[in-house]
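The values are calculated or read from the model by the stated rules, or taken from the named source; none is laboratory data. Small disclaimer: the values here were computed from a predicted structure and weren't measured. FYI the Cβ positions are ideal-geometry reconstructions off the backbone, even for glycines, and counts take in every protein chain you see. We work out accessible area using only protein heavy atoms, side chains counted, and drop any ligands, DNA or RNA first. Shrake-Rupley method; radii C 1.70, N 1.55, O 1.52, S 1.80 Å.
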Amino acid sequence: MLLVHGWGGDGREWSAHAETLAGRFRVVVPDLRGHGRSPVPAEGNTPVVMADDLAALTGALGTGPVVAVGHSMGGQVVNLLAVRHPHAVRSVIALDPAHGAHGEEAEDIPARLADYRAHGSRAAAAFVSAAFGPDAPAGLRTAHVRTMLGTPDHVIAQAYAGMYTDPGAVGIRPHSEAYLRRRPRPALTVWTSAEAAAWERGTLHVPGSRVDHWHDSGHYLHEEHPRRTIRLVEDWASVTDGGTQ
């Protein structure tokens, strides 16, 4: 079981999930390059390179194919892992992933990127602060703002560009559709947007794949609803993986 954090986060956000899931699975919780306690390269802090890093990591650990779970940018990363390194992935769970941007969201991306290039994590912290539902646990918003502010500015900008504007980026809807149709493994996506959930259902092609909609959550749904997320992951792994690893 591979648990992957999102943009400006780190593996600590999976702590409660990892403690529970470790009773059934071998759990790997990395900090992506440029984030947390991982090295901070001057270049290459993008989802594509992060996916390649995870393929190297799981290979070095000898995990065999993993159930790859990712939130936000981490959802894009685990899907890229499945597309680029299908031998490394048994199935994918993507939670409110950073793909499928369209309309006003897509139109705002160039201005957001300019802001992140100019102001780095300070600008990104404003996004994080607004991303939680009204019933999010006390302290969760502040913890994520602090983690974002601790992420190097150039990593924030490079990762965002890697999600949406770099050549080959898959975050904008037409590009997302192309890469999702290349995904060769069963996939479960959970969206907080009903529109996004309906859209992604139209891209599914691998038997057993599905899209769920959680209407009662902010963007950090795995931390706003940790027990529900753990049940989701356990049930999905049982269906697609045959049980304990």
Query raised in the report: Quick check: is even one residue across segment 48-70 within 24 Å of L149 (Cα to Cα), open to solvent by less than 10 Å² (accessible area, probe 1.4 Å), in contact with a Lys or Arg (Cβ under 9 Å, 6 or more places away or on another chain) and modelled with pLDDT of 95 or more?
Result: yes
Query raised in the report: Are any residues in segment 129-140 open to solvent by 30 Å² or more (accessible area, probe 1.4 Å) and part of a helix (DSSP H, G or I), and if so, which ones?
Result: S129
Report task. Restrict the check to segment 226-236 and report whether at least one residue is in contact with a Phe, Trp or Tyr (Cβ under 7 Å, 6 or more places away or on another chain) and either touching a residue at least 40 places away in the same chain (Cβ under 8 Å) or surrounded by fewer than 20 Cβ atoms within 10 Å (Cβ to Cβ) (or both). Result -> no
Query raised in the report: Any idea which of (1) open to solvent by 30 Å² or more (accessible area, probe 1.4 Å); (2) out of contact with any strand residue (DSSP E or B) (no Cβ under 7 Å at 6 or more places or on another chain) is the one A161 doesn't satisfy?
Result: (1)
Requested in this report: Determine whether segment 108-122 contains at least one residue that is out of contact with any Phe, Trp or Tyr (no Cβ under 7 Å at 6 or more places or on another chain) and at pLDDT below 95.
Outcome: no
Query raised in the report: Out of (1) open to solvent by 10 Å² or more (accessible area, probe 1.4 Å); (2) closer than 19 Å to G208 by Cβ; (3) not in a helix (DSSP H, G or I), what's the single condition that is false for V83?
Result: (3)
Query raised in the report: Does any residue in segment 21-35 that is on the phi > 0 side of the Ramachandran plot and open to solvent by 40 Å² or more (accessible area, probe 1.4 Å) come within less than 6 Å, Cβ to Cβ, of a residue that is of a type outside the set (S, T, Y) and assigned to a loop (DSSP other than H, G, I, E, B) six or more places away or on a different chain, and which pairs are these?
Result: none
Query raised in the report: Inside segment 207-225, can you point out the residues that are open to solvent by 30 Å² or more (accessible area, probe 1.4 Å), farther than 18 Å from G133 by Cβ and not small (G, A, S)?
Result: P207, R210
Report summary line: Subset of segment 2-17, residues assigned to a helix (DSSP H, G or I) and either open to solvent by less than 20 Å² (accessible area, probe 1.4 Å) or under 19 Å from N79 (Cβ atoms) (or both), comes to G11, E13, W14, H17
Query raised in the report: What helices (runs of 4 or more DSSP H) lie completely within segment 141-245 and have 3 or more residues being within 17 Å of A68 (Cβ to Cβ) and in contact with a helix residue (DSSP H, G or I) (Cβ under 9 Å, 6 or more places away or on another chain)?
Result: 226-241
Report task. Would you check which residues across segment 96-122 are without any contact (Cβ under 8 Å) to a residue 12 or more places away in the chain and either surrounded by 20 or more Cβ atoms within 10 Å (Cβ to Cβ) or over 28 Å from R183 (Cα atoms) (or both) and list them? Result -> A111, A114, D115, A118
